[in-house]
Amino acid sequence: MASPQMNAVISQTDFPGLKLRGRGKVRDIYELGDRLLVVATDRLSAFDVVLPTPIPDKGRVLTQLSLFWFEKLASVVPHHVIQASNFGGQLAPYASALAGRAMLVRRTDPVPIECVVRGYISGSGWKDYQRTGAICGIPLPKGLRESDRLPEPIFTPSTKATTGHDENISFEETVSRIGRPLAERLRDTSLALYRQASEHAAARGIIIADTKFEFGLLGSDLIWIDEALTPDSSRFWPADLYSPGQAQPSFDKQYVRDYLERIGWDKRPPGPALPADVVAATRDKYRDSYQRITGQALD
Ligand SMILES: Nc1ncnc2c1ncn2[C@@H]1O[C@H](COP(=O)(O)OP(=O)(O)OP(=O)(O)O)[C@@H](O)[C@H]1O
Ligand SMILES: [Mg+2]
């Protein structure tokens, strides 16, 4: 294990010499001309609320796993990463805080659609299906059980809400928001990424039940941005424990969500602090997802 000094837990960055562009729920973003510095902190959000307790190593897992996938799937679509180590120049003073958790990326115009792909039926997809027999307007066979594999992966976009929860929308609604050519490109690219990633993960004993991609435009080029197939953006299930007809154990923050349900939190901010055992188990799950998928330990 690396020394705690090298891998400090970071809930929020503070780099006075840099221009802060904003803080997302998990990432702090700085502006450097036509580039962005995206720093994954150890914050965890659940039910769209950032909890007060950080998860050690979470930011590094998100960044290192994203880098793994960006590179592995680079032939499908170009990604936004310029550099993710050896931060020099004006970043040099912050090098130790940035280590392992930051990426220097090309600044794009984000497309305001969350590109969700589902290979299995779970979460909001399962809820929609039970109510309507469809997800995002895509009709599905009758009689599916929770967590069943879908006949084929489906593209189920949602809006990128600036406040509140994202909302599932149909493909035609996506077309009316961003135009058909771009909507089709998003769909085809997302499905291609999902298929290739699922194949890799399956060989390593992991089911990618669903995942969410974000894309940006640089001129007319479509660029894969944000994070790539992490436990925050995806549902990862251990294949050996897969058993449809119920919710699945997972390598993501479902463990925290279950805890929050158990204590009866009303899901309104502020979120409750997490006890040490929940923090430790969650940290293990994030680290384990990295190790299983990449075949390497995080440190
Ligand atoms: N290359 C890029 N160009 C422009 N914006 C980017 C790029 N990469 C990531 N972003 C944006 O940076 C933010 C990442 O922060 P974070 O993931 O913490 O946000 P979030 O709370 O999930 O917010 P959101 O729901 O808006 O994505 C996102 O808004 C994402 O769209
Ligand atoms: Mg995000």
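The values are calculated or read from the model by the stated rules, or taken from the named source; none is laboratory data. Fair warning: this is a prediction, and the values are worked out from it, not measured in the lab. We place every Cβ from the backbone using ideal geometry, glycine too, and count neighbours over all the protein chains shown. All accessible areas refer to the heavy atoms of the entire protein, side chains included, with ligands and DNA or RNA removed. Shrake-Rupley method; radii C 1.70, N 1.55, O 1.52, S 1.80 Å.
Restricting attention to region 92-119, report how many residues are touching a helix residue (DSSP H, G or I) at 6+ places or on another chain (Cβ under 9 Å) and either open to solvent by less than 60 Å² (accessible area, probe 1.4 Å) or under 24 Å from PHE236 (Cβ atoms) (or both). So the count comes out to 14. Residue-level check: of (1) within 15 Å of VAL116 (Cα to Cα); (2) buried (at least 19 other Cβ atoms within 10 Å of the Cβ), ARG185 misses just (2). ARG43 fulfils the conditions (1) touching a Leu at 6+ places or on another chain (Cβ under 8 Å); (2) within 20 Å of SER289 (Cα to Cα); (3) open to solvent by less than 20 Å² (accessible area, probe 1.4 Å); (4) within 12 Å of ligand 1 (Cβ to nearest atom) except for a single criterion, (3). Scanning region 225-249 for residues that are within 13 Å of ligand 2 (Cβ to nearest atom) and open to solvent by 20 Å² or more (accessible area, probe 1.4 Å) yields ASP226, ASP232.
Among residues of region 67-78 that are assigned by TED's automatic domain parsing to the domain that holds VAL38, those with a Cβ under 9 angstrom from a residue that is among the hydroxyl-bearing types (Ser, Thr, Tyr), sequence gap 6+ or separate chain, pair up as PHE68/TYR290; PHE68/THR294; TRP69/THR230; VAL76/THR189; VAL77/THR189.
Figure legend. Inter-residue proximity from region 19-43: first residues among the basic types (Lys, Arg), second residues within 12 Å of ligand 2 (Cβ to nearest atom) and outside any loop (DSSP other than H, G, I, E, B), beta-carbon distance below 6 Å, spacing 6+ or different chains. Indicated pairs: ARG21/ILE29; LYS25/SER45; LYS25/VAL50; ARG27/VAL38; ARG27/ALA40; ARG43/VAL50. Anything in region 211-221 that is open to solvent by 10 Å² or more (accessible area, probe 1.4 Å) and more than 11 Å from ligand 2 (Cβ to nearest atom)? List them, or say none. Scanning region 211-221 gives LEU217, LEU218, GLY219, SER220, ASP221. The lone criterion from (1) open to solvent by 20 Å² or more (accessible area, probe 1.4 Å); (2) touching a residue at least 60 places away in the same chain (Cβ under 8 Å); (3) farther than 27 Å from SER220 by Cβ left unmet by ARG131 is number (2).
Would you call GLY89 open to solvent by 30 Å² or more (accessible area, probe 1.4 Å), within 15 Å of ligand 1 (Cβ to nearest atom) and without any contact (Cβ under 8 Å) to a residue 12 or more places away in the chain? When the stated conditions are applied, GLY89 does not pass them.
Taken over region 27-40, the criterion of being among the hydrophobic types (A, V, I, L, M, F, W, C) and either open to solvent by less than 30 Å² (accessible area, probe 1.4 Å) or closer than 19 Å to ARG257 by Cβ (or both) is satisfied by LEU32, LEU36, LEU37, VAL38, VAL39, ALA40.
TYR120 meets the conditions (1) within 27 Å of LYS253 (Cα to Cα); (2) aromatic (Phe, Trp, Tyr); (3) not assigned by TED's automatic domain parsing to the domain that holds GLN246 in every case but one. The failed one is (3).
Exactly one residue out of ASP48, ASP34, ASP57 is at negative phi and of a type in the set (Asp, Glu): that is ASP34.
Scanning region 68-86 for residues that are crowded, with 16+ Cβ neighbours inside 10 Å and assigned to a strand (DSSP E or B) turns up HIS79, VAL81.
Considering region 201-210, the residues that are open to solvent by 40 Å² or more (accessible area, probe 1.4 Å) and farther than 19 Å from PRO151 by Cβ include one that is nearest to ligand 2 (Cβ to nearest atom), namely ARG204. Of the residues making up region 247-282, those that are in contact with a helix residue (DSSP H, G or I) (Cβ under 7 Å, 6 or more places away or on another chain) and in a helix (DSSP H, G or I) number 6.
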